[in-house]
Amino acid sequence: MNPLRVFLTVAFTFLVCGSAVAKTVVVKFASVAPKGTTWDISIRDIDEKWRAASGGTVRMQVFAGTLGDESDIMRRMRIGQIDAALVTVAALSSIDSDLTGMNIPMAFATDEELDYVWQRMMPRWEARLRDKGYIVLNWGTAGWVRFFTKAPVERIDDLRALKLFIWTTGEATSTERLWKRMGFQPVPLSSIDILPGLQTGMISAFQSPPLMALGNQWFPFTGWMSDLKWGPLIGATIVRTETWNRIPPKLRATLEAITRDKGVEMIAVVRRMEQEAVAAMVKYGLKVVTVPPEALEEWQREVERLYPTIRGTMIPAAPFDEVLRLRDDYRANAP
């Protein structure tokens, strides 16, 4: 073969391959969810669909439960070590405190009123995160937060006698002060310290959705779960705008649609699996404490008494007022 032709063929192949490599976008993705959990499986499904839709030019590198807690993940995102993450509102509030609006304790009683408020607050929060350099690809939930305890908790004073884990993510100092003001014994820890905390007696109670208590195997070290709905644990899949802009514009809408559809699907899946998770834990010895109506009213009174303290400190006044306004609107007009 002509040496010049060989040279040109090799050069052309190199240029083509080099161009293909240059166009490949690897999105480094992290979450605290361990490998094999519901949330990890959903992310890997999104990755497969992204690869198929992009012809392999956009893919994820998934870090499942290996990069520390959400504070660590957010720190890595800020410095560009991680491109995208599935995180809770506690972590999102470190970007913008407005997102703590859904953290009002005992503000919601049903999925229906939660969804009514949540869907109306989404555009506001997506715009605020976009202004800070993050794109929301979907929203999700881990379920209703409940109390898992080493002694049965029916009334609010029962919980005050225990050492209660609280999250260190977000407004941790304000949260700790509030719990103490309510007469509790809060112990601020990272979520990765819940298990050793239970084993050593550092904590004797924690708050978590059932699916997380089961998936992380925290529940065997307690014994009881109160059926009180403290509040929803919601979150979002976010990506750095800088990373998102590296993806060809014609692909972004398709990849976002894939991710949003999966988010809607996962909300339904999580809600269905929540009761299955409780049943599975009961099978292995967990006892569910039913909170009677009079005790529930006591919880509600005690918590709402502190709403004026929460408003403007733990939760900015504007989202606090808007969330409760929307909730009351739903309650006034829903069948």
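Values in this text are rule-based calculations from the coordinates and carry no lab data. This one's a predicted model, so the numbers in the text were calculated from it and none came from an experiment. Because the Cβ atoms are built from the backbone with ideal geometry, glycine has one as well, and the counts that use them run over all protein chains shown.
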message: Tell me whether region 186-203 contains one or more residues that are surrounded by fewer than 16 Cβ atoms within 10 Å (Cβ to Cβ), closer than 25 Å to Ser94 by Cα, out of contact with any Lys or Arg (no Cβ under 7 Å at 6 or more places or on another chain) and touching a residue at least 40 places away in the same chain (Cβ under 8 Å).
response: yes
- line: Scanning region 43-76 for residues that are among the polar types (S, T, N, Q) and in contact with a Ser or Thr (Cβ under 9 Å, 6 or more places away or on another chain), the one nearest to Ala236 (Cα to Cα) turns out to be Ser71
query: Out of (1) touching a Phe, Trp or Tyr at 6+ places or on another chain (Cβ under 7 Å); (2) assigned to a strand (DSSP E or B); (3) under 30 Å from Val27 (Cα atoms), what's the single condition that is false for Pro186?
result: (3)
message: Looking only at region 309-324, how many residues end up being under 9 Å from Gly101 (Cα atoms), touching a residue at least 60 places away in the same chain (Cβ under 8 Å) and either crowded, with 19+ Cβ neighbours inside 10 Å or among the charged types (D, E, K, R) (or both)?
response: 5
query: Within the set of pairs 6+ apart or on separate chains, which have a first residue in region 85-111 that is closer than 22 Å to Val62 by Cα, a second that is hydroxyl-bearing (Ser, Thr, Tyr) and assigned to a helix (DSSP H, G or I), and C-beta atoms under 7 Å apart?
result: Val89/Thr100
- prompt: When region 214-246 is examined, which residues are found to be in contact with a Ser or Thr (Cβ under 8 Å, 6 or more places away or on another chain), under 27 Å from Pro293 (Cβ atoms) and either free of Cβ contacts under 8 Å to residues at least 12 places away in the same chain or not in a strand (DSSP E or B) (or both)?
  reply: Thr222, Gly223, Asp227
- prompt: Condition test on Val282, is it in a helix (DSSP H, G or I), of a type in the set (Val, Ile, Thr), without any contact (Cβ under 8 Å) to a residue 12 or more places away in the chain and closer than 23 Å to Gly143 by Cα?
  reply: yes
Enumeration of residues in region 124-154 that are more than 16 Å from Phe219 (Cα to Cα), touching a Leu at 6+ places or on another chain (Cβ under 8 Å), of a type outside the set (Lys, Arg) and outside any strand (DSSP E or B): Trp125, Leu129
query: Of the residues that sit in region 71-96 and are in contact with a strand residue (DSSP E or B) (Cβ under 8 Å, 6 or more places away or on another chain) and within 21 Å of Tyr307 (Cβ to Cβ), which one is surrounded by the most Cβ atoms within 10 Å (Cβ to Cβ)?
result: Ala90
